[in-house]
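Below: one structure in structure tokens.
Just so it is clear, none of the values below were taken in a lab; they were calculated from the coordinates. From a predicted model like this one, the values you see are computed outputs, not experimental measurements. Heads up, the Cβs are rebuilt from the backbone with ideal geometry, glycines too, and the neighbour counts pull from every protein chain shown.
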Ligand code: SAH
């Protein structure tokens, strides 16, 4: 595999949502061939266990509120390792092209004359749909799928196009949206989505600790505070997501609380 991964080059590798069985064969091969792996906090333990003991690992992980290294430092580390002749894997949760800041790393590497390539991974939204037994697109209900980041910067309101997001014929997936749940619910309803629109909350997708909850848009913020603690969470909104709740194939640990009454969710607070 010398051609695939020469010394002094970098692969940005998608680690998938956590379960090592959801890693691509190529990703696994690159992890075995690397001499050093820089990995994010969201990369699952099971995936890290596939890295041979002889390969150096460096945690550069960012989780909201718990930054360990800033992006410029990560870029510098990647460039320095490649220029020192290492075979560098930059391992990222999910797919590197979805809210993964992959282009900043690629630009820094390209500027330093380092060859960089990307190995895709399964993004959290795909894995959540699979676990819940639903489809993100659905004939007649969701002709469009959109991914949005709801990452909050302090107390500043989210700068999102709510009119575009509030499309009743679309499945919308919010990444990094846990602390913005109330804002998401309020803005989507104000932009015209019904409060009864199905919502799927998906925490720790594909891990043993996975939790899925069906709720509705007007209950979103109470559901998030009662259900999600500080786990990685997706907020998925749209009519297509209700379908799984009617299917008998619900995965283990699957909670069907979509029709939970407001009183009982409030009590959980
Ligand atoms: N590149 C990643 C997303 C990185 S942004 C991907 O393609 O999946 C980080 C956000 O992704 C988290 O805040 C959370 O919203 C979501 N996420 C990542 N892994 C997850 C998981 N296993 N379960 C639920 N959400 C997850």
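First measure r as the distance between the Cβ atoms of residue 56 and residue 231, then evaluate 1/(1 + (r/R0)^6) with R0 = 30 Å and state the FRET efficiency to the nearest 0.05. Don't jump to the answer; show the numbers that get you there.
Details: r = 29 Å, r/R0 = 0.95.
Using R0 = 30 Å, I get an efficiency of 0.55.
Run lengths n ≥ 4 of DSSP H only: what is the helix-derived mean residue ellipticity at 222 nm for the chain, with -39500 (n - 2.57) per run over all residues, to the nearest 500?
Numbers: 9 runs with 74 residues, N = 269.
That calculation yields -7500 deg cm²/dmol at 222 nm.
Could you work out how far apart the two model spin labels at residue 32 and residue 155 are, taking each label as a point 7 Å from the Cα in the direction of the beta carbon, and quote it in nm?
Each label point is offset 7 Å from its Cα along the Cβ direction, giving 5.4 nm.
Any idea what log10 I(q)/I(0) is at q = 0.08, 0.11, 0.12 Å⁻¹ for the chain, Debye with uniform C-alpha scatterers and no solvent?
Cα-only, vacuum Debye calculation for the chain: -0.35, -0.65, -0.75.
Relative to the present Cα-Cα distance, how much length would full extension add between residue 186 and residue 139 at 0.36 nm per residue of separation? Don't skip to the end; give the middle numbers.
Details: separation 47, 0.36 × 47 = 16.92 nm, distance 2.75 nm.
Stretched out fully, the residue 186 to residue 139 stretch lengthens by 14.2 nm.
Only Cα pairs under 8 Å and at least 6 apart count here; give the relative contact order of the chain as a rounded whole percent. Please report the intermediate quantities before stating the final value.
On the way: 542 pairs, mean separation 49.1, N = 269.
Normalised by residue count, the contact order of the chain is 18 percent.
Could you compute the FRET efficiency for residue 73 and residue 97, with r as their C-beta to C-beta distance and R0 at 25 Å, rounded to 0.05? Walk me through the intermediate numbers first.
On the way: r = 22 Å, r/R0 = 0.88.
The calculated FRET efficiency here is 0.70.
Give the Debye-formula value of log10 I(q)/I(0) at each listed q (0.16, 0.18, 0.19 Å⁻¹), with one equal scatterer per alpha carbon of segment 93-169, two decimals each.
Values, matching the q order: -0.86, -0.98, -1.03.
Would you kindly calculate the mean projected area, averaged across all directions, of the convex hull enclosing the Cα atoms of segment 10-119, in square nanometres? Write down the numbers at each step before the final one.
Working: hull surface 24.4 nm².
Mean projected area for segment 10-119: 6.1 nm², to one decimal.
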